[in-house]
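The values are calculated or read from the model by the stated rules, or taken from the named source; none is laboratory data. None of the values given here were measured: they were computed from a predicted structure. Here the Cβ positions follow ideal geometry from the backbone for every residue, glycine too, while neighbour counts run over all protein chains shown.
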Amino acid sequence: MWRVVVATVTAGCAASAAPPPPAPVAVTAPDAIVEREDDLVDVTAVIPDAVLDIRYATDNNFTHTVLYAVARCKLRRGVATRLATAATALRAAGRRLLLWDCYRPRAIQAVLWKRVPDARYVAPPSVGSKHNHGAAVDCALVAADGTAVALPTAFDEFSAAAHRDHALRGEAGAEAKRLEAAMQAAGFVGLATEWWHFDAPDATKYPISDDPL
């Protein structure tokens, strides 16, 4: 009697099962950049046509000393957004913002107070200026082509001539009134003794900072 033996052969491989494919590698996406309302942002990124004349980055200021290492206007993001609203309204009227001062490191506040220790014009460093919060702006106007317009006084005029109730009067105050209307509509509050100075209404919710510009 013949015995028939049948062999089962798996072609090209051993009889054992093939190893499972490797598990997929999980890829973690980079964290999204979260834009916070209290971030200090460069205002020229928000208002590209703003004209910068940052006086404390030059010696053309009442101290006759360069106080800022760079000519940069930074504000809290929420404040810069308000300012952009004012800039839009002014643009429609053929005007652009002229920026003299924005965020100011607290250390600079002490220098200004030493020169002018008068709280009507310079906040004492122990209290801090709204500029130190990154929530105040000193500004004026220029024409759409960047040329000067008539303004009531020069910047940092420490006299009654710069007080808002005086500076906004008559023909000489027309541009300052135009500026005030746009800034008030955006929610800013003007300082009584400086027609060019405006605070965000929620300025003190932002921390005082001494970060460099």
**Prompt:** Counting just the residues of region 161-180 that are in contact (Cβ under 8 Å) with a residue 12 or more places away in the chain and within 18 Å of Arg91 (Cα to Cα), which one comes out surrounded by the most Cβ atoms within 10 Å (Cβ to Cβ)?
**Reply:** Leu179
**Prompt:** Do we have Ala89 as in contact with a helix residue (DSSP H, G or I) (Cβ under 6 Å, 6 or more places away or on another chain), on the phi < 0 side of the Ramachandran plot and surrounded by fewer than 18 Cβ atoms within 10 Å (Cβ to Cβ) here?
**Reply:** yes
**Prompt:** Is there any pair linking a residue in region 49-62 that is closer than 15 Å to Ala154 by Cβ to one that is in a helix (DSSP H, G or I), with Cβ under 9 Å and at least six apart or on different chains, and which?
**Reply:** Tyr56/Ile108; Tyr56/Leu112; Asn61/Arg55; Phe62/Arg55; Phe62/Leu112; Phe62/Arg115
**Request:** Would you mind finding the one in Pro21, Pro117 that is more than 18 Å from the chain's Cα centre (by Cα), modelled with pLDDT of 85 or more and assigned to a loop (DSSP other than H, G, I, E, B)?
**Result:** Pro117
**Item:** Residue tally, condition surrounded by 20 or more Cβ atoms within 10 Å (Cβ to Cβ), under 21 Å from Leu90 (Cβ atoms) and either over 20 Å from the mean Cα position of the chain (by Cα) or of a type in the set (Ser, Thr, Tyr) (or both), over region 181-213
**Value:** 2
**Request:** Just one of (1) in contact with a helix residue (DSSP H, G or I) (Cβ under 9 Å, 6 or more places away or on another chain); (2) touching a residue at least 60 places away in the same chain (Cβ under 8 Å) trips up Leu141, so point out which.
**Result:** (2)
**Message:** If I go through region 159-180 residue by residue, how many of them are out of contact with any strand residue (DSSP E or B) (no Cβ under 9 Å at 6 or more places or on another chain) and either part of a loop (DSSP other than H, G, I, E, B) or within 23 Å of Arg76 (Cβ to Cβ) (or both)?
**Reply:** 3
**Asked** Which of the residues that make up region 148-162 are under 24 Å from Leu112 (Cβ atoms) and either aromatic (Phe, Trp, Tyr) or in contact with a Lys or Arg (Cβ under 9 Å, 6 or more places away or on another chain) (or both)?
**Response** Pro152, Phe155, Asp156, Phe158
**Prompt:** In the list Asp38, Asp31, Asp49, which residue meets the criterion of being touching a helix residue (DSSP H, G or I) at 6+ places or on another chain (Cβ under 8 Å), at pLDDT below 95 and not in a helix (DSSP H, G or I)?
**Reply:** Asp38
